Amino acid sequence: MIVSLPKDWVNSNGLKKGDVVGLEELASGDLRLSPLQDSAMKQSITLDCCANKTGLVDLMIGSYLSGADVIKITCETPISRETRGNVRDFLRDTRGMEIEHDDDKEIRIISILNPSELKLQVSINRMYLLISSLVSDALAVIEGEEVELLSDIDDRERQIDARRLLLERQVAASLQMPSVEKRLSVDRFTAMEHANIARVLERMGDHATRLAFLVREHSKVLKIGVDELPLNAIPKWAKELKTIVHNMYTKDITLIHSAKLELAKIRNDVEGAESDLWTGRGSAERLLCEFRISESIRRLCAYSVNFAEALLNMLMHDRLEKV
């Protein structure tokens, strides 16, 4: 079999007679042709911290998500303590990045994690477990456990955010490199749906964190019974969310759809009960706190519905057949 290559493509990639090119099979079964040298090249970016004194962390995060293997932080003058603090924040909030070189005028950060080594579901599972633990611990404190159970809220929130960033970096790599796409066993649609699920879980993490903080700071004044709305919705939410996550592997569409409908019902029940909070007597501080707790539980249910919908979309895509 002979394949003719477009002349413009050959010239733009600097190829000549006798050069070797790469041919890779995608998860979809399509073949992708690429200059072989590109597959071995690392992607690097240089950030001038003197010219970008504000927003440096955002630029580093953007570089990380874009798939940079090397991030160089440079300055004509000695790098400030503030910039070094920004670098520490970046390393804390990401996964698989380490400092390779550090002197007065340059900090070089490199990736030590191959994006294809960790399945996308691993990060999804980790985010789910962290969210579930925050919510269950908050409920346990309301039921009488020591408030120290919620002493590490910030750390758990950072772990949730870091997992989302890692997954989006992997998705970006899979879209750019067929070899990563194949080893992760995803196509472009499936990869993007994993990214959507990770963003939904991050929003759930925000509300789980908010709920945990509210409970930690106001547990002594709360008057909501654990056997009434909105608190009695938490075990129901946890049960249905567990069903959805479990069926990312078993792919039982009927169970996922049933869980989605149940979560929508729980969300509506919580929303309906919120108006009753303001009819009773109590301090404004307590009522506002209880309303915010109810709102976070309601949004946890709403985002879980979004999770189920994204998963259903992904499973339907897997069932497509060529005709």
* Of all residues in the stretch 106-144, which are modelled with pLDDT under 95, over 22 Å from residue 295 (Cα atoms) and charged (D, E, K, R)? -> 117, 119
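When the residues of the stretch 139-150 are filtered to those that are out of contact with any Lys or Arg (no Cβ under 8 Å at 6 or more places or on another chain) and in contact (Cβ under 8 Å) with a residue 40 or more places away in the chain, which remaining residue is surrounded by the most Cβ atoms within 10 Å (Cβ to Cβ)?
139
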* Structure fact -> If we take the stretch 1-94, then helices (runs of 4 or more DSSP H) inside it with 2 or more residues that are under 30 Å from residue 189 (Cα atoms) and in the same structural domain as residue 175 (by TED's automatic domain parsing) are none
* To do: Evaluate the stretch 179-189: report whether one residue or more is in a helix (DSSP H, G or I), more than 21 Å from the chain's Cα centre (by Cα) and among the hydroxyl-bearing types (Ser, Thr, Tyr).
  => yes
* In the stretch 102-126, residue farthest from residue 177 (Cα to Cα) [restricted to those that are touching an Asp or Glu at 6+ places or on another chain (Cβ under 6 Å) and free of Cβ contacts under 8 Å to residues at least 40 places away in the same chain] -> 108
* Asked: What residue, of 131, 73, is surrounded by 14 or more Cβ atoms within 10 Å (Cβ to Cβ) and under 15 Å from residue 47 (Cβ atoms)?
  -> 73
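For (1) under 22 Å from residue 212 (Cα atoms); (2) surrounded by fewer than 17 Cβ atoms within 10 Å (Cβ to Cβ); (3) touching a Lys or Arg at 6+ places or on another chain (Cβ under 7 Å), each residue gets a yes or a no:
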position: 244; (1), (2), (3): no, no, no
position: 255; (1), (2), (3): no, yes, no
position: 263; (1), (2), (3): yes, no, no
position: 266; (1), (2), (3): yes, no, yes
position: 291; (1), (2), (3): yes, yes, no
position: 296; (1), (2), (3): yes, no, yes
position: 308; (1), (2), (3): no, no, yes
position: 318; (1), (2), (3): no, yes, no
position: 323; (1), (2), (3): no, yes, no
* Structure fact -> Residue count, the stretch 1-45, condition under 22 Å from residue 113 (Cα atoms), modelled with pLDDT under 85 and of a type in the set (Ser, Thr, Tyr), comes to 1
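The values are calculated or read from the model by the stated rules, or taken from the named source; none is laboratory data. These numbers come from a predicted model, not from an experiment. Methodologically, a virtual Cβ is constructed for each residue, glycine included, from the backbone with ideal geometry; neighbour enumeration extends over all protein chains shown.
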